[in-house]
Each structure stands twice: as structure tokens, then as C-alpha cells.
Amino acid sequence: MFSRIFNKVHLFTISIFGILVSACSRDDLNVRQSTLDPKGPVAKMQFDVFMDTVWLVLVLFAIVGGLLVYAVIRFRARAGEDTRPKVEEGHGNPLVEIGLITASIGALVFIAIPTLSAIWYTDDVPAEAIPASKLSAWYQHLDENGKENYPKALAGDVLEIDVIGKQWWFRFEYPQLGLTADAKHTVPNEIVIPRGKAVRLNLRSEDVIHSFWLPKIAGKVDLMPGRKNKMWIQADQVGHYYGQCAEFCGDSHAYMLFRCNVVEPEEFAKWVKAQKAEAAPVEPNSKAEKGKALFAAKTCAMCHNISGHFGAGNFAPDLTHVASRRSLAGAWLDNRDRKAQLALEVQTKNTESTTPVDPAVLKANLIKWIGSSGTSHGIDGQPTKDVKPGNRMHYYKMFNVVSLNESHQQFTAEELDCLAEYLLTLK
Ligand SMILES: [Cu+2]
């Protein structure tokens, strides 16, 4: 009876252990945020410190475990044996004690050396990662029309990006390149960086504490209100990377994700140019035109900036290029075709390979998001479920005052369709 229960317990433990170990597999394509698959020097450094510690701890485990097993077997009580201690209790063995203390100090030093050097290395862009020529060729790509003086702006050696945490999404600004809140060009949810270039991130928060974590590239560093933190990143392979907020920050923390597009430097220059373009005029008498009018009528324009159409602050994500991003709402909603994307990841054996935005999926996401988010009554007055619980979308949620009038935020299916059609034009 006892042994049967014992066996079941064993079987259970072993299978749980098996499941846990399988989660460590490096080949698992579902692991988009694996710290065990570093794709840049900072993540590699952090991975190396982790492995140094793992090996040391494994050796200690083997020694201590081995001694324990030896003692249990060698000194076990045999049947009929007198189990009282045979030797008088002593006061320890100085040689063993000093030996153990020395070994412990040795182990700590063994871990401290790589740990401290990693802390120094990851603190700020190391000199060797800064381009030899400050005005290296790739920056000059940006100065095509001769109007904007990028080289002067980039006298600070490396590309700097401001990362701002909000409940519950990330905003990115590129002060050297004119992508800032003042210039009405900010980048929500998806940070874009050139491959192989060191980038300094200046981290801050506009509300509570968040944390920037991009497992395959670097992390984590907190975004603190009233304090500036910094870190640096570099990615050595192009691709679409996955990150998330790593510090509990309220209701929707678990839905506060972000993406990082690592592109070739030439692509990066093109992207910067595209970000600075204003929204194109909408076609007259189209659904999009109706949607644009609704955008003003339904108070959307109060919170969202759309350069060229509506000017607003940065309480909410800038929507000027919303249709060009592969994700929505703190990257919680994915705008790609799910099946095609997973097939591509399997085929390329690379979770960073990516399919483009699928307009049909994007449209469905927009309707789902606008129609339900923060409203207690969505399409045709039917109660809906929040896509992101507690999110600050829609004005009565701005300060989380639910008692404010909600009835303004009811949409007919047609209104949602027009709003989505309008936003789809914002490439
Ligand atoms: Cu957060």
C-alpha cells in the first residue's frame, strides 16, 4: 500500500521535473523570450554570468549531495544495531572549518569576478562598441535632403533612444533623429534599431515603476518615475524580437508587451524617414473619411496624435503610422496572420522571422479593440469584455473614474468599420 502511493508520488515528481526540463530546450520554437538564446553582446554577457553560476552550483551540489548520500549509506542504522552515538560529540574540526570557509570565499570570488565585470560592461556603451568615426556612413544615409543636420545631432557618438513607460504600453523617442513628443512623432509599442549598432536607452516612467525586458537582447532595467535610468543594447541579427514589462505596474501589467524590430542600417534610415511623414489625406466620400470625422466626434482626437490630421499630446499611443506596426495595444494584439507566422517560424527555425501585417487581421483587431476597450457597452450596446483589463483607453478611463459618463462610447458596427478603415490608411 505504502509503496504504491510512494511510487505514484515519484512518478508525479519525475513527470513534473520532465516538463520543467523540457521548458529549457533551446530548440523550442514557442520560446520567443528565451534568455538562453542571446542575440546580442549584452544578453550574451548576462547569459555567460548565468552559466558560470550554474556550473559552480552544480559542482557544489554534486559534492554536498555526494557526501550526503555517502553518509546516509555508510552510517545507516542496521537492524538490531544500537543507534546511540558511539563517539562523544566533539567541538568541530578546525581544519575542516577553515577549509570550508576558504572554499566558500573561493566560490564567492569565482562568481564575483564575472558578475562585477558584467555589471560594468552592461552599464553603458563600452568604448569598443562606439563607431570609430562618429559620423559613420550609416548615419549620413539619413541626411539625404541636406535639410536636417543629423551629424550635428549625433555628436553624442551612439544612437540614443528614450524609453518611456506608461500604464500599459511603451513609448519610444529618438531625440537625435527628431522623433520626439515635441515634434509630434513618437513610436509606441515597437522599438526599431539598426543591426550591429550599439544603442543607448534612456529609461523613465510617466506614472509608476515599469521594467524594460527584451530577453534575447538585454534586460531588465527599471523605468522609474522621477529618475533617469540607462542601459545599452545591441542586436547582431535582424528580426522581430519580443519583450515585455517586467515590473508589476497595475491591472494590465501582464498585457504590457513590446516588440523590437532589428533592421539593416539602410532600412533603419528609411524607417526614420517614414516615421516623420505626416498622414496622407483621406479619400473623399470614403468610409475612411467618415471614420476620420468619427475620430473627432468620438473624442479619440482628444488623446491620440495623428500628425497632419489631429494634434494631441502623448497620453495615448501616436496613431500616425498605426497600420504599419505588427502589433497593437501594448503589443497584446498581433496584426499578423497567426498560421502563416507560426509556419514561417517552424520553417526558418527562427522565432524572430516575421510575416508582414495582415490588413484583415489588423482590421479585426482594431474593431475588437476600439469596440470593447474600456467601454462597458460595445457594438450596439452589448456588454463587452475588456481586451486589456483596466486599460486607460476612452476618456472616462483616463484617470480610472468609471463613474464618468460611459454612454458616449457606444459604437454601431458601421461606426467601428469606418473608424477601422480610417486607421488602416495610416501606414
Ligand atoms: Cu509596466
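Some points to look at:
- Close pairs (6 angstrom Cβ cut-off, 6 or more residues apart or separate chains): closer than 15 Å to Thr186 by Cβ in region 288-311, part of a helix (DSSP H, G or I) and not aromatic (Phe, Trp, Tyr) anywhere: Phe310/Ala301
- Meets criteria (of a type in the set (Gly, Ala, Ser) and under 27 Å from Arg392 (Cα atoms)) for Gly239: no
- Being more than 30 Å from Thr348 (Cα to Cα) and of a type in the set (Phe, Trp, Tyr) is a condition met by at least one residue of region 241-261.
- Each residue in region 158-190 was checked for being away from the ligand (no atom under 15 Å from the Cβ) and under 15 Å from Phe258 (Cβ atoms), and 6 pass.
- Scanning region 234-277 for residues that are within 16 Å of the ligand (Cβ to nearest atom) and of a type in the set (Ser, Thr, Tyr), we see that the one that is farthest from Pro41 (Cα to Cα) is Ser252.
- Residue within region 222-233 that is within 13 Å of the ligand (Cβ to nearest atom), over 19 Å from Ser324 (Cβ atoms) and in a loop (DSSP other than H, G, I, E, B) present: yes
- Failed item in (1) among the charged types (D, E, K, R); (2) surrounded by fewer than 19 Cβ atoms within 10 Å (Cβ to Cβ); (3) at pLDDT 80 or above, with Lys166 passing the rest: (2)
- Pick from region 198-221, criterion buried (at least 21 other Cβ atoms within 10 Å of the Cβ) and assigned to a loop (DSSP other than H, G, I, E, B), ranking: nearest to the ligand (Cβ to nearest atom): Pro215
The values are calculated or read from the model by the stated rules, or taken from the named source; none is laboratory data. Predicted model, so just to flag it, every value in this text is computed and none were measured. Glycine gets a Cβ as well: all are built from the backbone with ideal geometry, and neighbour counts include every protein chain shown.
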